[in-house]
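S.K.: One structure, pasted below without further comment.
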């Protein structure tokens, strides 16, 4: 399996606060990888460093063989590494199709081509019936789906998803999982997911990294990680483990 993302010795300090320390991880092309841990563990900080929003204090980040450690955030998506955010970021006053066209314009300057490609993406993400609606009128589930659709306009090789399932009900999670499986298998997009909804992450993740206090405390296949005593103590809790997940 070809390595797509390599993070080595990543450390980020904010004054005297160490948000993450000496974190190393690797994601292979075509994988679905999860990143979990308690609130404040440093998960979003790592996403922000990888995507160029934060400059790491130490360590290196390579994507598709290219070092991107010091690449600014506006250039990172052009490498094929794209992300979503904890708080949904869509353009509320624009239509659904116009939102998707914004991403497509990174690849073409032709309006007709951008709209054609955006309509294809809306079909893929099952939002075509809502193409002309203003984004603000969508449910939270559809806004999150739209945010994923917007990233597809950039033709990502790796999509980093920051708590995509938060706030969704069981049926919405099931629909979101179907979409992600399609992106991974049929669109050949590698997925890296920060997720608190473990019931959504476990069925799809091949490998999981666990953070606590800014440090990696475990990694492995889901079954191994979820039975790790350190992970149970730091994140899952005895009650969660006793329920048999």
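S.K.: When only C-alpha pairs under 8 Å and at least 6 residues apart count, what is the relative contact order of the stretch 14-118, in percent?
M.R.: The normalised contact order for the stretch 14-118 reaches 15 percent.
S.K.: Which Rg and Dmax, in Å, describe the Cα atoms of the stretch 7-153?
M.R.: Values for the stretch 7-153 (Cα only, Rg and Dmax): 17.3, 51 Å.
S.K.: Once the stretch 117-218 is represented by equal point scatterers at the alpha-carbon sites, with solvent omitted, what log10 I(q)/I(0) does the Debye formula produce at q = 0.21 Å⁻¹?
M.R.: Taking Cα atoms of the stretch 117-218 as identical point scatterers yields -1.17.
S.K.: Give me the log10 of I(q) over I(0) for the stretch 174-221 at q = 0.14, 0.16, 0.22, 0.28 Å⁻¹, as the Debye formula computes it from C-alpha points; what are the numbers?
M.R.: Debye curve over Cα of the stretch 174-221, log10 I(q)/I(0) at q = 0.14, 0.16, 0.22, 0.28 Å⁻¹: -0.40, -0.50, -0.84, -1.14.
S.K.: Assuming R0 = 25 Å, can you tell me the calculated FRET efficiency for the pair residue 178 and residue 87, based on Cβ-Cβ distance, to the nearest 0.05? Numbers along the way, then the final one.
M.R.: Details: r = 24 Å, r/R0 = 0.95.
The value I calculate is 0.55.
S.K.: Expressed in nm², what is the orientationally averaged projection area of the convex hull enclosing the Cα positions of the chain?
M.R.: That works out to 13.4 nm².
S.K.: Grab the Cα-Cα distance for residue 185 and residue 3, subtract it from 0.36 nm times how many residues apart they are, and report the gain in nm with one decimal.
M.R.: This chain segment gains 63.8 nm when fully extended.
S.K.: Normalised by the number of residues in the chain, what is the relative contact order in percent for Cα pairs under 8 Å and 6+ residues apart? Intermediate results must be reported in sequence, preceding the final value.
M.R.: Numbers: 464 pairs, mean separation 60.7, N = 245.
Across the chain, relative contact order equals 25 percent.
Quick note: the coordinates plus some simple rules give every number you see, no bench work behind them. What you see is a predicted model, and the numbers here were worked out from it, not measured in a lab. FYI the Cβ positions are ideal-geometry reconstructions off the backbone, even for glycines, and counts take in every protein chain you see.
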